[in-house]
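Below is one structure, written out as structure tokens; comments come after it.
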């Protein structure tokens, strides 16, 4: 386990506790002495069926990367993005051994929409077939229409 602060290859475990769905470990770097927490969870293999029919193993890091790109320069805390990734991963695992990339994208968009509408539009512009300004405008107008009853 590499230290997230100094990147030293060694960190000793000072405490381990069972938590829901895994193990929480408190670690201390043997080089810089800083402490950090890791969580270990058993994740069953879930295969993602891509649009072209290919199958690849579910990779939460790819979901997080897409969320980070969509939330660039937006006031969205990293913990919120990590929570979204964990919720999507949990739902993917619960769905069985296979899930479509479309279903994963839909889950991410639903959750991102609740967090930040601008980030949602950014994510949707890559994920959905928003190929021109009119289609992006239509999505923004749909968001605005859904917002009006909530504000009234």
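For segment 1-42, with equal point scatterers placed on the C-alpha atoms only and solvent neglected, what are the log10 I(q)/I(0) values from the Debye formula at q = 0.16, 0.19, 0.26, 0.34 1/Å, to two decimals? Taken in order of the listed q values, log10 I(q)/I(0) reads -0.38, -0.51, -0.81, -1.11. Start at zero, step by 5 Å, and the Cα-Cα distances of segment 92-152 spread as 4, 17, 23, 22, 16, 10, 7, 3, 0 percent across the bins.
Report, to the nearest 10°, how far helix 117-127 tilts away from the longest principal axis of the Cα atoms in the chain, using its own Cα long axis and a range of 0 to 90°. The two axes meet at around 90 degrees. Could you give the nm distance between label points at residue 13 and residue 147, where each point is 7 Å from its Cα heading toward the beta carbon? Result: 4.8 nm between the two label points.
Entry for segment 1-146 at q = 0.11, 0.22 Å⁻¹: log10 I(q)/I(0) = -0.56, -1.31, Debye formula applied to identical alpha-carbon scatterers, no solvent contribution. Against the chain, whose longest principal axis comes from its Cα atoms, helix 60-70 is set at around 50 degrees.
Computed from Cα atoms, the angle from the helix 101-115 axis to the main principal axis of the chain rounds to 90 degrees. Taking 11 Å as the cut-off, the amide N atoms of segment 55-70 that come nearer than this to a point 7 Å along the Cα-to-beta-carbon line of residue 98 belong to 55-56.
How do the peptides 14-21, 118-125, 77-84 rank, highest first, by the average count of neighbouring beta carbon atoms within 10 Å per residue?
Values: 14-21: 9.9, 118-125: 19.4, 77-84: 14.5.
In descending order of packing, they fall as 118-125, 77-84, 14-21.
Normalised by the number of residues in the chain, the average gap of Cα pairs under 8 Å and 6 or more apart makes the relative contact order 15 percent. Summary of packing: across the peptides 30-39, 66-75, the per-residue average of other C-beta atoms within 10 Å ranks them, highest first, as 66-75, 30-39.
Only the coordinates and a few stated rules stand behind these numbers; no lab work does. On a predicted model such as this, the values are computed, not experimentally measured, just so you know. As a convention, Cβ positions derive from the backbone with ideal geometry for all residues, glycine included, and neighbour counts pool all protein chains shown.
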